[in-house]
């Protein structure tokens with residue numbers, strides 16, 4: 001049905017567990033194949049699979065894609081009329097649906113819950129799938145209060161298996177999902193969160209717009225992508241500026257009316273090469289697989305947000321870029337937003353710590369993939385060879401002695417204070433807080449006067465990013481030593497950190513590096529499809545897909561993903577049997593599109 005020869009990662013284990021009636025919590029990266037984990041069990045088990053999804057656009061696209069495969073699927077949300085909803089409910093009661101996607105608000109109505117009771121009396125519910133399960137977390141940036149009420153599924157339908165799925169990997173969120181959704185007995189499936197196909201790059205701001213333009217012109221002249229900005233005003237200005245530069249760019253933020261947002265999102269999904277300039281209001285559940293880049297013109301709020309936002313690139317597993325420009329102004333703005341917010345002091349402390357972890361990532365000299373995974377408690381086997389730090393090592397300094405001072409200060413103050421307080425102790429700043437805890441009497445008080453507070457702050461962020469220190473978020477963000485600190489304190493291991501150069505020197509250095517890379521030919525455009533973009537057959541395959549998509553009013557990727565077209569390009573099938581061996585061509589799509597694409601391929605062959 002789906003056209004794939006094999007499962008990926010934990011998919012098969014999840015499917016077998018759920019199909020046998022077990023509950024599951026699935027943590028899997030964006031593009032990792034979460035949907036199959038509930039779609040196949042829903043087809044295998046008797047009855048209909050009820051999928052709780054928070055986004056209307058995502059439901060619509062997933063249902064369209066399933067119908068293309070021959071799956072009997074529908075959705076219920078506020079976008080359809082009462083008459084249309086009545087027809088869907090009629091199909092539901094008559095057993096004419098394999099999968100029903102429903103908004104959490106609709107599911108929690110008495111009328112729908114009573115409908116579920118009627119189905120359960122006939123054993124006609126296959127499973128409940130709770131997608132985007134991190135929406136249950138009050139600490140998350142996608143919190144949806146209605147998700148808290150979903151424990152009703154366990155309370156009223158205890159014999160129906162449940163699966164909760166998310167691409168948010170941090171431990172506190174995972175614990176909250178388990179607690180809030182009563183999944184204590186569920187089996188947890190945790191996949192690697194490494195997005196190996198994404199190339200991470202971070203640069204310090206120096207005319208960010210022109211830096212963005214240079215990046216797009218060099219590597220993504222015709223590609224679809226997302227540019228994230230912090231403010232609505234900046235979104236509008238950046239989209240207008242990109243249009244002036246010849247890009248098909250659209251704005252998206254909560255300040256636009258619903259019709260404009262819907263129109264722009266539809267164009268992004270259905271057309272090739274559109275760039276969406278957006279706030280974080282855009283993106284959750286966007287199912288477009290061929291987003292070739294995600295660029296940040298402002299610093300994200302946290303590593304979780306950064307991981308989710310960059311994860312919208314390369315969902316088809318083909319190469320993609322995550323590009324971030326940040327500067328001191330970003331840090332100041334983000335801290336002011338936190339400090340001036342209405343959250344509790346505990347929440348503010350947590351947000352500051354998460355911001356510091358992201359800054360540590362930006363300033364890290366080690367492999368970006370390693371740093372991202374370490375934040376989520378996962379180890380990376382070695383340098384990725386595909387991020388800026390691995391490909392273009394940065395200017396560093398021997399920080400062994402400074403690191404020993406920093407680590408000693410953490411230890412002697414009890415491993416429960418943040419970087420700001422520790423920096424005050426090291427430079428000998430006698431604050432009320434330092435006096436309160438008698439830290440001016442410690443041997444580490446004033447031993448680090450050679451560095452200023454900003455430099456010590458950078459040292460601490462980089463030590464956290466390197467896994468030598470860790471932030472105890474549940475204990476108000478205090479820093480504590482890891483096992484990796486031991487050899488440094490003993491003098492058995494040296495450590496080098498990123499050098500914070502003078503801005504003018506940095507600018508000159510970057511200019512020289514660009515000139516050198518250009519001279520060496522290493523700054524050439526990076527084609528995501530190994531040169532396929534210039535292949536006439538590749539262009540013809542995409543044009544045929546777009547033609548069929550327009551006829552049916554669906555996004556092109558609903559017809560076939562880029563990865564499927566790429567497999568066609570490489571295998572050049574000449575018969576329907578050979579076409580059936582192309583990845584992503586299932587029986588329904590073979591019957592519907594096989595002859596059209598074979599005709600195109602055979603024309604090129606002749």
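The values are calculated or read from the model by the stated rules, or taken from the named source; none is laboratory data. Since this is a predicted model, take the numbers as computed values, not measurements. So basically every Cβ, Gly included, is an ideal-geometry build from the backbone, and we count neighbours across all protein chains shown.
Rundown of residues vs (1) buried (at least 17 other Cβ atoms within 10 Å of the Cβ); (2) part of a loop (DSSP other than H, G, I, E, B); (3) touching a residue at least 24 places away in the same chain (Cβ under 8 Å); (4) not assigned by TED's automatic domain parsing to the domain that holds residue 286, yes/no style:
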position	(1), (2), (3), (4)
3	yes, yes, yes, yes
6	no, yes, no, yes
17	yes, no, yes, yes
40	yes, no, yes, yes
62	yes, no, yes, yes
Legend entry - Residues of the range 185-210 classified as over 18 Å from residue 32 (Cα atoms) and either assigned to a loop (DSSP other than H, G, I, E, B) or over 23 Å from the mean Cα position of the chain (by Cα) (or both), total: 8
Inset, instruction - Look at the range 366-382 and say how many of its residues are at pLDDT 85 or above and in contact with a helix residue (DSSP H, G or I) (Cβ under 7 Å, 6 or more places away or on another chain). - result: 6
Inset, instruction - Could you please let me know if residue 353 is at pLDDT below 85, more than 24 Å from the chain's Cα centre (by Cα) and farther than 15 Å from residue 468 by Cα? - result: no
Inset, instruction - Name every residue in the range 255-283 that is assigned to a loop (DSSP other than H, G, I, E, B) and over 21 Å from residue 554 (Cβ atoms), in order of residue number. - result: 255, 256, 257, 279, 280, 281
Inset, instruction - Identify, from the list 115, 127, the residue that is surrounded by fewer than 23 Cβ atoms within 10 Å (Cβ to Cβ) and either in contact (Cβ under 8 Å) with a residue 40 or more places away in the chain or over 27 Å from residue 305 (Cα atoms) (or both). - result: 115
Legend entry - Count - residues of the range 310-329 that are assigned to a strand (DSSP E or B) and within 16 Å of residue 562 (Cα to Cα): 1
Legend entry - Output for the range 19-38, where each listed residue is at positive phi and in a helix (DSSP H, G or I): none
Legend entry - Which listed residue, of 183, 153, 165, is in contact with a strand residue (DSSP E or B) (Cβ under 6 Å, 6 or more places away or on another chain), within 30 Å of residue 235 (Cβ to Cβ) and buried (at least 17 other Cβ atoms within 10 Å of the Cβ): 165
Inset, instruction - Return a yes/no flag: does the range 76-97 have any residue that is modelled with pLDDT of 95 or more, closer than 24 Å to residue 31 by Cβ, in the same structural domain as residue 150 (by TED's automatic domain parsing) and touching a strand residue (DSSP E or B) at 6+ places or on another chain (Cβ under 9 Å). - result: no
Legend entry - Failed condition for residue 316, given (1) over 16 Å from the mean Cα position of the chain (by Cα); (2) closer than 26 Å to residue 166 by Cα; (3) crowded, with 20+ Cβ neighbours inside 10 Å: (1)
Legend entry - Wholly within the range 345-411, helices (runs of 4 or more DSSP H) carrying at least 1 residues that are touching a strand residue (DSSP E or B) at 6+ places or on another chain (Cβ under 6 Å) and buried (at least 19 other Cβ atoms within 10 Å of the Cβ): 345-363, 368-375
